[in-house]
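All of the numbers you see were taken from the coordinates with simple rules; none came from a lab. Note that the structure is a prediction, hence the values are computed from the model and not measured. Glycine gets a Cβ as well: all are built from the backbone with ideal geometry, and neighbour counts include every protein chain shown.
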Amino acid sequence: MLDEKDAYSETPLGCACLLGYTTSTELLLASGSYLSPSHISRAHVSCRDALLTALKQRRSKLKLLALDTLGEMDAGRLGLHEDIILDSRAIEVRELLQGKGIGIPLSMFVQDDAGSVYHHCYHSGDHPSTDILEKLWTLGFRDVNSFDMDGNVPLEFCRSDLEQARWLIEHGGDYWTPLTKRQASTNQSTKRSNGPATPAHEIMCSIGRTEKQTNKDLETRRWLLEKLLQVRVGDACSCPCTIGGCVPLKTYFDSRFRHPCSRNGISLPRDSAWKWMTFIQAYQPYLSERDLITTVRRATFDALELIHTCCSHGKGPLYDPTEIDEIDEIHSEQKSLLSLFTDLLVEFERFAYDDQSGRPLITSDPEEFWERRWLPRIMETRDRLDGNELTEGEISAGEAIGVVWGPQPPPKTERVVKPKRAITPEYIMGEIEKIMNE
Ligand SMILES: [Zn+2]
Ligand SMILES: [Zn+2]
């Protein structure tokens, strides 16, 4: 009866803590009602401490039962001697105990949904407040790097809540190790869907997205960017927009600079020169030489409207990196444009590293670089690609192989301009004479 569910799949304890009935919550806990970690972040603030204390006590009892029953090898493997609360490994402990025929009372039961109490907080709907995360940590819950049943770590759930990403990193959240590698080392059987290579990729994508919406949290964004830019792990993509696969900085560019209202989702060059410039101005102290080159590369790739063959973070994958044939075909179709892209990059890198009293131009004067060197060159190249500045011979050669040129300027028409008569004293006298004679 204590754990009977109503039409909304809520138990009496779930209802009581959701509605803030503190006495009922305490009574139901004392009576041994099942407590799911997912109750915690959904509970009314007045009931939360009671739930947290109960969860800690119940997990401690389960741990003691396991230490009494399981062998030394299992205890060591499951980390039962560590001075932390039994959390993401509680399921394994329950299974081992049940396998030995030990009955576990409902109050100590652990359901099959994998993950730590941090996961449950994120899975239960609303984002937990940083205050709840802080309380969990203080009580001894430390599994901030474990996987849930879909193979995700808590850092992947922060989305646009950058303060929480920062909190998790400050409390040991691993943002740099490739997730597939970590999963292999934990022998976790759950399979990751096509997710980001590291949590840093996901967070950088969120930073780019929030940057479009608001200018607040600049301090947090800088704090995160300084750390996340150190992660050089790329994924399996082989798009020429970035060298070495999609790195976290590239996912930031995906969410910040791909504009849904413009051609191919890319801002027009005049607009984007300004955006790239403000990006460099805002984060210059944290950008390495390599990051600056990555920036110029991406800006130029998009300005030439080359087709990406990479995954697009935050917008679902554009290309599956394993579809090699399709990707090769796109690269070969764009061959001449890609070679133009490479030539331009050589030129832009030379501009960017133009020595300005010991500092490269791109950091000493981003405006000069983007507005007066990069932009005019890009505009001129785009005009040329639209066929506006080609010779007659080049145009007809292009048409012979099926090229349809971009919009052409209207044909020039001869304008007949009436010569203006200069107003001189002689002209005025002549006009007066005409009137007098009429
Ligand atoms: Zn790409
Ligand atoms: Zn990718």
Per residue convex hull volume, Cα atoms of segment 1-144, in Å³ = 108 Å³
Could you please report the charge total around V233, scoring K, R as +1 and D, E as -1 over all other residues with beta-carbon less than 13 angstrom from its beta-carbon?
-> +1
Using the structure shown, list the pairs from K227/K250; K63/K100; K227/K275 with a Cα-Cα distance above 18 Å, or answer none.
-> K227/K275
What residues have an amide H closer than 5 Å to that of Q356, excluding those fewer than 5 places away on the same chain, when H is modeled at 1.01 Å from N in the peptide plane?
-> L361
HN-Hα J in Hz across segment 222-238 - Karplus 6.51, -1.76, 1.60, θ = phi - 60°, x for Gly and Pro = 5, 4, 5, 4, 4, 6, 5, 5, 6, 7, 9, 6, x, 8, 7, 5, 10
Would you kindly derive the ³J(HN,Hα) couplings of segment 55-70 from the backbone phi angles with the Karplus curve 6.51 cos²θ - 1.76 cosθ + 1.60 (θ = phi - 60°), listing them in order in whole Hz, with x for Gly and Pro?
-> 4, 4, 4, 5, 5, 5, 5, 4, 5, 5, 4, 5, 5, 6, 9, 7
Taking segment 1-52, which chymotrypsin sites (Phe, Trp or Tyr not before Pro) meet the DSSP loop condition and have no more than 10 other C-beta atoms within 10 Å?
-> Y8
Cα centroid separation, segment 142-173 to segment 20-42 (Å) = 25 Å
